[in-house]
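Chemist: Have a look at this one.
Since every read-out is calculated from the coordinates, none of them should be taken as a lab result. Here the structure is a predicted model, which means the values were calculated and not measured. Neighbour counts are summed over all protein chains in view; Cβ atoms, including those assigned to glycine, are modelled from backbone coordinates with ideal geometry.
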Amino acid sequence: MQKYHMKYHMSVSTWYGYGMFFEVPILHRLAEHEQSGSGVSSSSLEVEREYSSASPSDSKLVSVYSSHKASMLWRQRVMAISSEYPDVELSHMYVDNAAMQLVCNPKQFDTIMTNNIFGDILSDEASMITGSIGLLPSASLGEAGPGLFEPIHGSAPDIAGQDKANPLATVLSAAMLLKYGLGEEKASQRIETAVLDTLNRGFRTGDIYSEGNKLVGCKEMGEEVLNSINPKIPAAV
């Protein structure tokens, strides 16, 4: 039986995340902002937030970008702020190489920082490494907080009402809300441990089912997670 281990690979969206389509006006906006001396741009705030999320527990930060101008500006921002976080190991990777490396050696990544379009593509690719898009939560974090927390998948109308959906991405989104939105790390860890315990006890919805495990529906999977939160049931190691 496969043992599951939990690790979030996060990507950050910036306000110029759609730069490959709106490159020229975006560069003008950034240039005007810097020349006006009106303060720190939101792009810098997003980069600083991602550095903070990577330090100190996740020591490796990979900045993913491309060769167009807006992406080069992204790299400049990242490098300018990197000196403030000496405990974080920074590296850079073109997006096409990052897509290949995610499949080839996903364990090399702690935190991936990139724009909205690249992040959307890479997060869906990463979901297949875990086995299903139904396993991955997401967080959209802003300066004011607490943010928006949701599964990376859609509503799956083709299986609506059939008790087939995998609820774990939704459950883990709640764990991310507790950790990153409300600062309740112990409560978040309790949920994550319960999900791992449920998987390690062999319960599977159809999207991640394989021979030797127990096939369950959405409702039963959720009930088993609740059972695992019960302190009478030891958590899997």
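Chemist: Within segment 204-232, track down each residue that is among the small types (Gly, Ala, Ser) and either within 23 Å of Arg190 (Cα to Cα) or touching a Lys or Arg at 6+ places or on another chain (Cβ under 9 Å) (or both).
Modeler: Across segment 204-232, the qualifying residues are Gly206, Ser210, Gly217, Gly222, Ser228.
Chemist: Can you tell me how many residues in segment 144-187 are assigned to a helix (DSSP H, G or I) and more than 24 Å from Asp207 (Cβ to Cβ)?
Modeler: Our first condition is that a residue be assigned to a helix (DSSP H, G or I); within segment 144-187, this holds for 157-159, 168-181, 185-187.
Among the residues that remain, those that are also more than 24 Å from Asp207 (Cβ to Cβ) are: 178-181, 185-187.
Going through segment 144-187 one residue at a time, the tally reaches 7.
Chemist: Find the residue count for segment 177-191, including only residues that are under 15 Å from Val225 (Cα atoms) and surrounded by fewer than 19 Cβ atoms within 10 Å (Cβ to Cβ).
Modeler: 3
Chemist: For the condition more than 17 Å from Asn230 (Cα to Cα) and touching a Cys at 6+ places or on another chain (Cβ under 8 Å), what is the one hit in Ala174, Ala165, Ala156?
Modeler: The conditions single out Ala165.
Chemist: Suppose the filter is touching a residue at least 60 places away in the same chain (Cβ under 8 Å), farther than 20 Å from Asn116 by Cα and not acidic (Asp, Glu); does Asn200 pass it?
Modeler: The answer is yes for Asn200.
Chemist: Taking interchain pairs and intrachain pairs at least six residues apart, which have beta carbon atoms under 6 angstrom, with the first residue in segment 215-228 and in contact (Cβ under 8 Å) with a residue 24 or more places away in the chain and the second acidic (Asp, Glu) and part of a helix (DSSP H, G or I)?
Modeler: Ser228/Asp197
Chemist: Going by what's in this entry, would Gly142 be described as exposed (fewer than 13 other Cβ atoms within 10 Å of the Cβ) and either among the aliphatic types (A, V, I, L, M) or within 30 Å of Tyr94 (Cβ to Cβ) (or both)?
Modeler: Spelling it out, it is not the case that Gly142 is exposed (fewer than 13 other Cβ atoms within 10 Å of the Cβ) and either among the aliphatic types (A, V, I, L, M) or within 30 Å of Tyr94 (Cβ to Cβ) (or both).
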